[in-house]
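A.B. asks: I have a structure here, written as structure tokens, and I will follow up with some questions on it.
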Amino acid sequence: MARYTGASCKLCRREGQKLFLKGERCYTNKCSVERKPHAPGMHGQQRKKLSEYGLQLREKQKAKRFYGVLESQFRRYYEMAIRKKGVTGENLLKILESRLDNVVHRMGFGTSRDEARQLVTHGHFYVNGRRVNIPSYLVKPGDVIEVAPGSRKSPRFKEILDITGSKVVPKWLEVDHENLNGKVISMPDREDIDLPIQEHLIVELYSK
């Protein structure tokens, strides 16, 4: 499974905002964006005015980094979005939101998407009663996601819920933290996706 293995904090600094890639660390004064509010590298502190193409590229990179996907997979999601009815940019975000690792994170079973991805890969989750260890698995309305029976006594899940317990769960998901399970009620609407992404810029970039 291909994935980015470099320093997560550099990605946030490159985009100039928190991408919340490291869970609870992002909410503390250890956050690199707060300590070094400029792009990484020897020329990072130089301010550059971005061209139209530069703005579109940065928006695509930001979306990829929020969801932890690489270019080839992101492009496939875009092609899927084109084939669906509706607005292409919104379709793209809905597909990204329906990834299993994102849903696990949204339900509060992972402090970050990266941690949720790792937990899924290690086989800690079932979908509709079957173990699924593919983070990119796309869930559908009606799917039930639950922590695997053999993992429920793991102290890590208690630690995670202590951190995420007060987190607001999106209305398109239903979660029972006590029993460590949840259900996909529907696909998210655009207003349910709270990430600062201007999807129309991504569509403009790929449309060239």
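A.B. asks: From the set of residues in region 125-134 that are surrounded by fewer than 24 Cβ atoms within 10 Å (Cβ to Cβ) and touching a residue at least 12 places away in the same chain (Cβ under 8 Å), which is nearest to Lys64 (Cα to Cα)?
C.D. replies: Out of the qualifying residues, it is Ile134.
A.B. asks: Would it be correct to say that Asp114 is acidic (Asp, Glu), modelled with pLDDT under 95 and in contact with a Lys or Arg (Cβ under 8 Å, 6 or more places away or on another chain)?
C.D. replies: yes
A.B. asks: Which of the residues that make up region 83-110 are in contact with a His (Cβ under 7 Å, 6 or more places away or on another chain) and farther than 17 Å from Lys60 by Cβ?
C.D. replies: Of everything in region 83-110, just one residue is in contact with a His (Cβ under 7 Å, 6 or more places away or on another chain) and farther than 17 Å from Lys60 by Cβ, namely Gly108.
A.B. asks: Pick from region 50-94 the residues that are of a type in the set (Lys, Arg) and under 12 Å from the mean Cα position of the chain (by Cα): which of them is surrounded by the fewest Cβ atoms within 10 Å (Cβ to Cβ)?
C.D. replies: Residue satisfying both the conditions and the ranking: Arg65.
A.B. asks: Restrict the check to region 99-112 and report whether at least one residue is farther than 28 Å from Ile160 by Cα and crowded, with 20+ Cβ neighbours inside 10 Å.
C.D. replies: Taking every residue of region 99-112 in turn, none turns out to be farther than 28 Å from Ile160 by Cα and crowded, with 20+ Cβ neighbours inside 10 Å.
A.B. asks: Let me ask something additional. Name the pairs: first residue in region 159-174 and within 23 Å of Arg190 (Cα to Cα), second residue surrounded by fewer than 17 Cβ atoms within 10 Å (Cβ to Cβ) and β-branched (Val, Ile, Thr), Cβ to Cβ under 7 Å, at least 6 apart or on different chains?
C.D. replies: Trp172/Ile185; Leu173/Ile185; Glu174/Ile185
A.B. asks: I need the full set of residues from region 152-188 which are surrounded by 13 or more Cβ atoms within 10 Å (Cβ to Cβ), at pLDDT below 95 and of a type in the set (S, T, N, Q), in order please.
C.D. replies: Within region 152-188, Ser154, Thr164 qualify.
The values are calculated or read from the model by the stated rules, or taken from the named source; none is laboratory data. Just so we're clear, the structure is a prediction, and the values are computed from it rather than from any experiment. FYI the Cβ positions are ideal-geometry reconstructions off the backbone, even for glycines, and counts take in every protein chain you see.
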